[in-house]
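> Sharing a structure, written as structure tokens. Questions coming.
FYI, it's all coordinate maths here, none of it is from the lab. Remember, predicted model here, so these are calculated numbers, not experimental data.
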């Protein structure tokens, strides 16, 4: 059985030599894949038409993945606790777009709040029963009555009444 626990050879390492023979460093990883493909009766052409991926020399995905949607649906499952996006013009640093964590003990995916683009959250996107803030600079307010939560003090603009009670 091939040792598939060791790290993959460098992307710089040729997969085949000039005589088109498998490089032994790569073959221990390729042989189990080929055996699986053969035992399942899948041709290389069928495999190529279902999944493709390109990785650069830094081990970063630069290509695309095509899923076979012949059944009407497809699933793309990723086993990771972070999903990092890298800008092609500055690929030294990545941006963690999503992280997997818990909210009240339930596993969930969190979105990096710094990824919200300016001017993309609009009032029409909010449909809430309650909205609170510590401070607000809200400009002109048109209202009939402004009161505290206990309804003991209020300013009623319709009746010009100002009431403060203890």
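> Shape call for the stretch 122-166 from the C-alpha gyration tensor, a ≥ b ≥ c root eigenvalues: rounded (a/c under 1.5), prolate (a/b greater than b/c) or oblate? Kindly include the intermediate steps, with their values, before the conclusion.
Working: a/c = 2.40, a/b = 1.80, b/c = 1.33.
Because a/c hits 1.5 or more and a/b exceeds b/c, the stretch 122-166 counts as prolate.
> When Rg is the radius of gyration of the Cα atoms in the stretch 82-163 and Rh is its Kirkwood radius, what does Rg/Rh come to? Write out the running numbers ahead of the final one.
Working: Rg = 21.6 Å, Rh = 17.9 Å.
Using only Cα positions, Rg/Rh for the stretch 82-163 is 1.21.
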